[in-house]
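Read-outs: derived from the displayed coordinates by stated rules, not from any lab. Note that the coordinates shown come from a computational prediction; the quantities given were computed from them, not determined experimentally. We place every Cβ from the backbone using ideal geometry, glycine too, and count neighbours over all the protein chains shown.
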Amino acid sequence: MLASTDAQIRESGAVNGLGTVINVATVLAGGLLGVVIGDRLPERMRRTIMQGLGLVTVAVAVVSMEPLFDADDGLRRFVILIVAMIAGGLVGEGLGLEERLESVGERLRKRFVRSEDRDTHTMFIEGFVVASTVFCVGPLTIVGAIEDGLGVSVRLLAIKSALDGFAAIGFASVYGWGVLASLATLIVYQGGLTAAAALVEPLMTTEVLAVLGAVGSLLVLGIGLRLLDIARVRVVALLPALLIGPVIAGIVEAV
């Protein structure tokens, strides 16, 4: 479990929410730089950048799946992962999550981008969906936000901020302003976790975090496949698995 004693919180001197502020700042800076760079790059270069980002995303996802290969607990976690992804997909499709997030992206596009070009519309929404998912899915987001909210440390979110900042440069150079629009998702989701840290922290056992990391890694892999144009995985529709997987893991652990 996360370190969360009053003594540790007092000793750290960390400011609650500072990690999310840093994260937002790096994505904003990286996104703006990416937009400026992207306007000056020919199409073939932007396509190559997107393929490079796709390969990196796939590599990160595969490396992060380590909990599934644990000799003692890997099989159980793999079964939980299968159930979580199936159930999560059913719930996500039933709620129309992919379409809802795309609708949010479309409203943001109409507000901030005046172009009527159809390709611009598509790239904005795709950039919003991809960046929102990449910046908000994964154990660094969950654990980092909880530690930040408890005032324990901003270390994890500082690492995430650096990674997200560089990713934002690459994504924005290809997708444009849609990546910056994903800041709204980042603020609401990560900021919400930070605010609710005291409620969530007691539930974050080692097993729950392992399953959460495995589910998150699989979703990130889906984003990588999208970037490589191998398969248009409906990652947003699978997001409920991030909740279902840890819940199942917690129940199994308690039995």
* For the chain, what is the mean residue ellipticity at 222 nm derived from helices alone (per DSSP H run of n ≥ 4: -39500 (n - 2.57); sum divided by total residues; nearest 500 deg cm²/dmol)? -> -25500 deg cm²/dmol
* **Projected label distance in nm at Arg155 and Ala198, using a 7 Å step from Cα toward the beta-carbon** => 2.4 nm
* Structure fact -> Two pseudo-spin positions, 7 Å from Cα along C-beta at Asp229 and at Leu90, lie apart in nanometres by 3.6 nm
* To do: Could you work out the equivalent-ellipsoid semi-axes for segment 23-128, taking the square root of 5 times each eigenvalue of the Cα gyration tensor, largest first, in whole Å?
  => 34, 21, 13
* **Inter-site label distance for Ser103 and Val247 at 7 Å from Cα along Cβ, in nm** => 2.2 nm
* Contact order normalised by residue count of segment 13-254, Cα under 8 Å, 6+ apart, percent -> 41 percent
* To do: For every other residue with a beta carbon closer than 14 angstrom to the beta carbon of Ile223, add +1 if it is Lys or Arg and -1 if Asp or Glu, then tell me the sum.
  => -1
* To do: Hydropathy first: keep DSSP H helices in the chain averaging at least -0.5 on Kyte-Doolittle, then drop any whose Cα extent along the axis falls short of 20 Å, and list what survives.
  => 18-38, 43-63, 74-95, 118-136, 155-175, 206-227
* To do: Give the span of segment 145-193's Cα atoms along each principal axis, as three whole-Å numbers ordered largest to smallest.
  => 36, 20, 7
* To do: Note the direction-averaged projected area, equal to a quarter of the hull surface, for the Cα convex hull of segment 123-255, in nm².
  => 7.9 nm²
* Structure fact -> Rounded to the angstrom and largest first, Cα extents along the principal axes for the chain equal 55, 41, 30
